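Comments concern the structure below.
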Protein chains: 2
Amino acid sequence: MTATYRDVKADILDKITQGIWPPGSLVPNETDLARSYDCARATVNRAMRELAEDGIIERRRKAGTRVRMAPVRQARFAIPIVRAEIEDQGAAYRYALVRRDIRAAPDWLRARLNLRDGGRVLHLVCMHYADGAPYQHEDRWISLDLLPKAAEADFTATGPNEWLVAAMPFSNAEISFLAVQADASLADHLGCAAGDALFRTERSTWWEGQAITFVRLTFRRGHRMTAQY
Amino acid sequence: MTATYRDVKADILDKITQGIWPPGSLVPNETDLARSYDCARATVNRAMRELAEDGIIERRRKAGTRVRMAPVRQARFAIPIVRAEIEDQGAAYRYALVRRDIRAAPDWLRARLNLRDGGRVLHLVCMHYADGAPYQHEDRWISLDLLPKAAEADFTATGPNEWLVAAMPFSNAEISFLAVQADASLADHLGCAAGDALFRTERSTWWEGQAITFVRLTFRRGHRMTAQY
DNA sequence: AGGGGCATTAAGTATAGACATATCTGCAAC
DNA sequence: GTTGCAGATATGTCTATACTTAATGCCCCT
């Protein structure tokens, strides 16, 4: 019946939320806590390490551990593949390729992805439907410098997203969320009025410092992205 | 010169990104890895536990550890206090209370927060400015059932957000991101045209199952929220 | 053939002890 | 006063070992 690291973590969190250890105060050191919970120091260490990761406490060698003044509030968003997102909602997924061309990267894209002069890119426009209704508009640019195979891939049946996670499963990315007004083309594809406010995510993806792809995903009217924390 | 858990983690990640252990494949078990890195099993365990948290691998007792087919892509967003967000950008922060009233919770709010019938709420409308320009419009509802002190707090000088993190530092929340069209009032406050697309976050906050507050934060035109991952 | 139970296996967690590393504090030298 | 060094101390990490827990898959019984 000795304390597990979960017990210790829960108890410490309790002491903090109940104000016994108020924000800014110094938490007892690991050795003392281990004694008071009658467990090994490693157990206390794991509990506290996780609390620090959660943004509840702040730890510094020698200085000790203190309760954060304002806990760092952070939310984790899972970035799903559209197909999975739609199917998880119990809707039928359908995909369509709207447009495909290969060209020199436009200036704005070169700037964004640090592409070399004269780099060629594959530009794709696709639509994703849920139960037949427009769900998401995808405007994607893939660097052919890094991924020449993309030029031969067939994107008429499956979306570039799925192809890319298979081709380059591990990469870094920067994602932004913003709001845009529907232009005529978006309004047409997404079945809304021009001028409607739409939710958009933009993502640049990199692999070992090299740009792979940039994508704009624009959602149907009224879409919201939600997370718990 | 024995391997640290960081070394092990980095090496395993390397093997995965370089395709030596392709997606779906089974990773050697902890005992074998410990032997091959010449370290304790606990060291391998920590490395693999972190990789699992990062969504790179998937672990199941007895079944072993496998490389995920598609790594779970997830982004962490820090949810800042507006003041800090603005000041971090090097801009001067200014706050203004636009409106304050106490009333019975409207139906839509009662439904959203599971408030009891006839629950009273404090309704605040505030503006946050960066270098004098409108930055964010805040439309906040605070449950007076749970936080009666809020009725006496002075929100003319500092925003409710800062008051709330001091009053209720630890709580759960649900956050949504969406796009809205500016109505006349928003357009006026944020200095944009009616109909403009604006980025909005909505957040409901709870403490021990009780609703504390609901807030709509609408940002100035062109705002984007960004995260790396 | 089908179903139940048990052995086996891999991860999950705990422990005591040790050493590493960062950094705060006070004291001493300039 | 300021700088720099040394000691003290809290966290960070590793090891070796042991026990726990979940799940697979095989064997045996029906």
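The values are calculated or read from the model by the stated rules, or taken from the named source; none is laboratory data. Everything numeric in this text was worked out from a predicted model, so none of it was measured. Neighbour counts run over all protein chains shown; Cβ positions are idealised from the backbone, glycine included. SASA here: full protein model, heavy atoms, side chains in, ligands and nucleic acids out. Shrake-Rupley method; radii C 1.70, N 1.55, O 1.52, S 1.80 Å.
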At 1.4 Å probe size, with no ligands or nucleic acids counted, give the accessible surface of A:L217 in Å², nearest ten.
-> 10 Å²
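Tally Lys/Arg at +1 and Asp/Glu at -1 over every other residue whose Cβ is under 13 Å from the Cβ of B:A104; what's the total?
On the way: positive: B:R103, B:R110, B:R116, B:R120; negative: B:D101, B:D107, B:D117, B:D145.
It works out to a net charge of 0.
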Per residue of B:196-204, other chain Cβ atoms within 10 Å number on average 4
Sites A:A40 and B:N45 - FRET efficiency at Förster radius 25 Å, r taken between beta-carbons, to 0.05 = 0.95
Residue by residue through region B:94-110, which ³J(HN,Hα) values in whole Hz follow from phi under the Karplus form 6.51 cos²θ - 1.76 cosθ + 1.60 (θ = phi - 60°), with glycine and proline marked x?
-> 9, 10, 9, 8, 9, 7, 8, 8, 10, 7, 6, 5, x, 4, 4, 6, 4
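Calculate the mean, over all residues of peptide A:178-185, of how many other protein chain Cβ atoms lie within 10 angstrom of the residue's Cβ. Each step should come with its number before you reach the end.
On the way: counts 11, 17, 4, 7, 2, 0, 0, 0.
Per-residue shielding by partner chains comes out at 5.
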Give A:K15/A:K62; A:K62/B:K62; A:K149/B:K15; A:K62/B:K15; B:K15/B:K62; B:K9/B:K62 a once-over and call out the pairs whose C-alpha atoms are over 31 Å from each other.
-> A:K62/B:K62; A:K62/B:K15
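Taking the Cα centre of chain A as origin, sum charge times position over the Cβ atoms of Lys and Arg (+1) and Asp and Glu (-1), and report the length of that vector in debye to the nearest 20.
On the way: 32 positive and 29 negative charges, 154 e Å.
Computed charge dipole of chain A: roughly 740 debye.
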In chain B, what percent of the accessible surface is made up of carbon and sulfur (1.4 Å probe, ligands and nucleic acids excluded)?
-> 49 percent
The summed charge of the A:R120 Cβ neighbourhood (under 12 Å; Lys/Arg +1, Asp/Glu -1) stands at 0
List the residues of region B:160-176 whose backbone N lies under 15 Å from a point placed 7 Å from the Cα of B:V98 along the Cα-to-Cβ direction.
-> B:160
Return the distance in nm (one decimal) between the two label points of a simple spin-label model at A:E53 and B:K15, each offset 7 Å from Cα along Cα→Cβ.
-> 2.1 nm
Quick one: if you stick a label point 7 Å off each Cα along the C-beta vector at B:R224 and A:T226, how many nm between them?
-> 2.7 nm
Relative contact order as a percentage, chain A, C-alpha pairs under 8 Å and 6+ apart, gives 15 percent
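With +1 on each Lys and Arg Cβ and -1 on each Asp and Glu Cβ, how big is the dipole of region B:31-110 about its Cα centre, in debye rounded to the nearest 20? Kindly include the intermediate steps, with their values, before the conclusion.
Working: 18 positive and 11 negative charges, 90 e Å.
Computed charge dipole of region B:31-110: roughly 440 debye.
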Backbone HN-Hα couplings from phi across region B:141-146 [Karplus 6.51/-1.76/1.60, Hz, Gly and Pro as x] = 10, 10, 6, 7, 4, 8
Given +1 on the Cβ of Lys and Arg, -1 on the Cβ of Asp and Glu, and no further charges, what dipole in debye does the protein assembly as shown carry about its Cα centre, rounded to the nearest 20?
-> 760 debye
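Can you check what the Kirkwood hydrodynamic radius comes to for chain A, Cα pairs only, in Å to one decimal? Each step should come with its number before you reach the end.
Values: mean 1/r = 0.0470 Å⁻¹.
Mean inverse Cα-Cα distance, inverted, gives 21.3 Å.
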When a/c is below 1.5 the answer is rounded, else prolate if a/b is larger than b/c, else oblate, so apply that to the protein assembly as shown with a ≥ b ≥ c taken from the square roots of the Cα gyration tensor eigenvalues.
-> oblate
Solvent accessible area, Å² - B:E152, 1.4 Å probe, full protein context = 150 Å²
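For A:D7 and A:Q89, what is the calculated FRET efficiency with R₀ set at 41 Å and r taken between the beta-carbons, to the nearest 0.05?
Numbers: r = 38 Å, r/R0 = 0.92.
In this case the efficiency is close to 0.65.
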